[in-house]
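Below is one structure, written out as structure tokens, with a few remarks after it.
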Amino acid sequence: MKERGGVLGRTICIQHTSGGTRLNGHLSDIITDVRHGADVRGVLESLGYTTKMDNVEISNTGNLVVGQAVWHVSQSLAPPNIEFKGNDY
């Protein structure tokens, strides 16, 4: 999802299941916006949680956008909390 007021001045949202099945939105919109420097955020609606993605890349084939949230590498979900693991990797 791109922040409002970003490069193209709009918010784009693509929603998918935890297994990767697309529920709504278009990947082509995200790819276009990322190519123009848009911010990308990951959202976990069930927890009301969002984070900005770092190191956002588009695959060589142009059919995948990936991002890493570097401040969240060692976190895990232990309901109702988000906890840090002992070993980052």
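The values are calculated or read from the model by the stated rules, or taken from the named source; none is laboratory data. All values derive from a computational prediction rather than experimental measurement. When we count neighbours, we look across all protein chains shown, and the Cβ atoms used for this are built from the backbone with ideal geometry, even at glycine.
One table, with the values for the structure above:
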| item | result |
| --- | --- |
| Meets criteria (under 12 Å from the mean Cα position of the chain (by Cα) and farther than 21 Å from GLY19 by Cβ) for VAL40 | no |
| Any hit, the stretch 32-48, residues being touching a strand residue (DSSP E or B) at 6+ places or on another chain (Cβ under 6 Å), surrounded by fewer than 12 Cβ atoms within 10 Å (Cβ to Cβ) and part of a strand (DSSP E or B) | no |
| Residue that is modelled with the lowest pLDDT, among those in the stretch 73-89 that are out of contact with any Ser or Thr (no Cβ under 6 Å at 6 or more places or on another chain), surrounded by 10 or more Cβ atoms within 10 Å (Cβ to Cβ) and not in a strand (DSSP E or B) | VAL73 |
